[in-house]
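Peer 1: Questions regarding the structure given below will be posed in turn.
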Amino acid sequence: MSDQHAPDELLKNAKLKITEQRRKILEFLLSNHGPFTVEEMAQKLKSQGFDLATIYRSMGTFEEAGLVEKRLFGDSVIRWEMAAHTGGSCAHDHHGHHHHLMCTECKKIIQIDVCLPPSTQQELSRLGYADLKHHLEFSGICPQCQVKRLKKKESK
């Protein structure tokens with residue numbers, strides 16, 4: 001029995017050619033909760049011979065196939081992570097629907113369990129839309145950066 005979350009299965013199900021580079025990028029994304037910039041992925045995969053162009057191309061291809069999703073935090077930087085999916089049991093908790101909180105100073109991103117209330121989804125459905133999706137990303141200053149700011153202010 002094959003693992004539905006194995007890179008080869010994901011590529012096969014998406015009707016994409018299975019290449020070693022695509023397999024390695026998906027393995028990285030499956031093993032590490034993102035979202036990641038292409039530059040961060042290239043840095044982590046550098047020892048395996050990856051360059052920016054290969055990862056940029058792969059992310060575009062993966063997005064078209066529904067394997068990855070873009071994450072935008074209002075800082076003009078595109079980040080990527082595995083696409084959320086539903087149904088079945090999945091050992092990878094980052095595949096389910098979730099949202100993020102990013103520190104605007106250190107850029108640390110954490111996953112949060114905050115979402116729109118069901119009544120919002122119902123209200124949007126009443127407008128006649130189907131297959132509704134949303135991406136909700138929060139930003140603020142993390143506790144560590146707040147302490148750094150305070151110390152900096154006190155030292156002046």
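Read the figures in this text as sums done on the coordinates, not as results from a lab. Remember, it's a predicted structure, so these values are computed and weren't measured experimentally. Please note: Cβ atoms are built from the backbone with ideal geometry, for glycine as well, and neighbour counts cover all protein chains shown.
Peer 1: Could you calculate the contour length gain from Glu137 to Ala6, that is, 0.36 nm times the residue separation minus the distance between their Cα atoms, to one decimal place in nm? Mind showing how you got there, number by number?
Peer 2: Values: separation 131, 0.36 × 131 = 47.16 nm, distance 2.79 nm.
Length difference between fully extended and current span is 44.4 nm.
Peer 1: Can you tell me which of Leu26, Leu16, Leu124 moves the most in a GNM of the chain? Springs connect C-alpha atoms under 10 Å apart.
Peer 2: Result: Leu124 has the largest fluctuation of those listed.
Peer 1: Still on this structure, please answer the following. Could you check the simple spin-label distance between Arg126 and Lys108, using points 7 Å along Cα→Cβ, in nm with one decimal?
Peer 2: Result: 4.1 nm between the two label points.
Peer 1: Could you list, in their original order, any pairs among Lys44/Lys108; Lys17/Lys108; Lys70/Lys107 whose Cα atoms are separated by more than 26 Å?
Peer 2: With Cα atoms farther than 26 Å apart: Lys17/Lys108.
Peer 1: Arrange the following residues from fewest to most other Cβ atoms within 10 Å of their Cβ: Val77, Val147.
Peer 2: Values: Val77 15, Val147 10.
Least to most surrounded, the residues fall as Val147, Val77.
Peer 1: Tell me which residues come under 5 Å, amide H to amide H, from Val68 once H is placed; ignore anything under 5 positions away on its chain.
Peer 2: When sequence neighbours closer than 5 places are left aside, the close amide H contacts are Glu63, Ala83.
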